[in-house]
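Written out below as structure tokens is the structure these notes cover.
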């Protein structure tokens, strides 16, 4: 067995070594496991927190938008609580991943400065942990649908597609933020702000149709608007996402590819600028 | 077997201080803006620093090479480049074989996780796969001696246990090429010995090892050849013993800027009547330096300005150990006339030869008028380090314990043999 390594300056950010990333899959799993363990270790109720958090978010959103503001649920005709949960389902993966991936490399700088491994493993491990939150919201939806006696519509067959788009959006955002945060620490403040604004600028607890027509185009500049609408439509039916939404899906794919290149570029100087 | 396993060709590494590419968001935006409007960006001052310059060497299979040099000579940067943590600016390194680097023990250890979990975590980070770790698990646990605490979070470990566990994982790495930083300087003496033994096994197992250390005794014990770095360049490579000698000799002729600290008058230290202008450490020839051979005395020079005449002023100097405790103190009050005229002054003393141990020390200075006021708050101003040197042939193989290592004269006198020879009646 002979492994040959050549170390030399590489200037080409478009050369991404996927094969090497695959070789480090054991590390990816180990780091994912570590994140998961550490998150719930030493807490009295452990994993239960992973359920309590989304439940309260759903309750408060539904109370404010459904009970107080009475924005309705578009033409789905489902209870507002379920409507909000389905909305949050599209949002949650993106939000969790962006929130955690942003600081992930700074958090792992002890490792980055002392040992070599493809740095992409770090945000990717966050991407895997974030699936837990996504899975829990899906479970809550299933529970609520059984409770209300609502059967999924035919559009459910599009759910995997829209979830995939939601995941790619999350990955794109997470990878961008992890690389940007090392380059510019300002993003440590920008990310939470983006998430807070995004939570209300995205039709999670209200239908996009509640947004005045004249704002509609700007509304869909937020790529998450289309994603959230899409996920909810596939679960609950009603009006399919606006055609503007498909533009944002295209933008998402481009952003995802660019995120890999940008990360690759920053990766080379990571240990020097941390 | 003399296959070349590591071939380093023209490796250089440049760091840019205050550079584009690590600047703040505002800088990047304004830089982008000025590019956009076609403005020249030459004003952005770039200070370049070459941590490594044109490094060339080859390591053959089975060789154990010690990389030695002073702090800042480029050892760590070279290791980082070899371990692929940072990219070289120019040049190429070809490595033939599975390489693992150990720049730290316990990388990635998480305090909340148990010893068992951390073994798997750390192993994965060091590049072992799960199967490999599983097969060596018992061996690792036995080597570390923490069996009883395997399921305790490592944050409850004593620092000794922590290091032992961390090292145990590292010691069971089985790459063809191993790059090690000074990880041996951790842990208690007995465990260090065990680690050295393990390292020796690794080296004798025909693997190639690159070993960076300040500990000349360890380099001598382990390495078959040495490379001496200075200011980012290879200044010597050859047999271990020759390399160590070259390094120790070179300490004597070193011109280091760090043996000196100076302030312009407007920025001088001290707010009252006195301003501290400079502190310097010089060798016997009057050259400023920061690393001294233990057999040479050191001149400590303090330059200061008095704004007006002062009576009874006193400068106190403390020589501190690297952990900050006071080794001894000395004061100008002891011998000097007490009244001082306004103007520039320079005073000096000699720190004795054959007195310090091989270690780092700090020079702290304070000044005041006894019982009246303080003129200068106590502060550490300079660091210096001592390398043990007792002349060729009589060099100590192991370091002595203790903060100082004065060379003592011992005399033995023969009295008689009354106690042994039988009594005469």
Helix A:80-102 sits at what angle to the longest principal axis of chain A, using alpha carbons and giving 0 to 90 degrees rounded to 10? 10
Which whole-number percentage describes the relative contact order of the range A:49-273, with Cα contacts under 8 Å and a sequence gap of 6 or more? 32
For chain A, find the longest principal axis of its Cα atoms and tell me its angle to the long axis of helix A:187-201, 0 to 90°, nearest 10. 20
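P(r) tail for the range A:96-156, what percent of Cα pairs lie past 12 Å?
Details: 1354 of 1830 pairs.
Percentage above 12 Å: 74.
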Would you kindly calculate the mean projected area, averaged across all directions, of the convex hull enclosing the Cα atoms of the range A:1-90, in square nanometres? 12.3
Expected max-MSF residue from A:174, A:110, A:90 in the GNM of chain A (alpha carbon, under 10 Å) is A:110
Calculate, axis by axis, the spread of Cα positions in the range B:257-387 along the three principal axes, and write the results as whole Å, longest axis first. 41, 28, 25
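So what are the range A:49-273's ellipsoid semi-axes, whole angstrom, largest first, if each one is the square root of 5 times an eigenvalue of the alpha-carbon gyration tensor?
Gyration-tensor ellipsoid for the range A:49-273: 33, 18, 16 Å.
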Bounding extents of the range B:110-150 in its principal axis frame from Cα atoms, largest first in Å, are 25, 22, 12
Given q = 0.05, 0.06, 0.08 Å⁻¹, what are the Debye log10 I(q)/I(0) values for the protein assembly as shown, with equal point scatterers placed on the Cα positions and solvent ignored? -0.37, -0.52, -0.83
Residue of A:14, A:162, A:147 that the Gaussian network model of chain A assigns the largest fluctuation, springs spanning Cα pairs under 10 Å: A:147
How well do other chains shield peptide A:260-273, expressed as the mean number of their Cβ atoms within 10 Å of each residue Cβ? 2
Helix axis angle, A:223-236 relative to chain A longest principal axis, alpha carbon, degrees: 50
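No lab work stands behind these numbers, since they all come straight from the coordinates. What you are looking at is a predicted structure, and each value in this text was computed from that prediction instead of being measured. Positions of Cβ are generated from backbone atoms using ideal geometry, with glycine treated the same way; all protein chains shown enter the neighbour counts.
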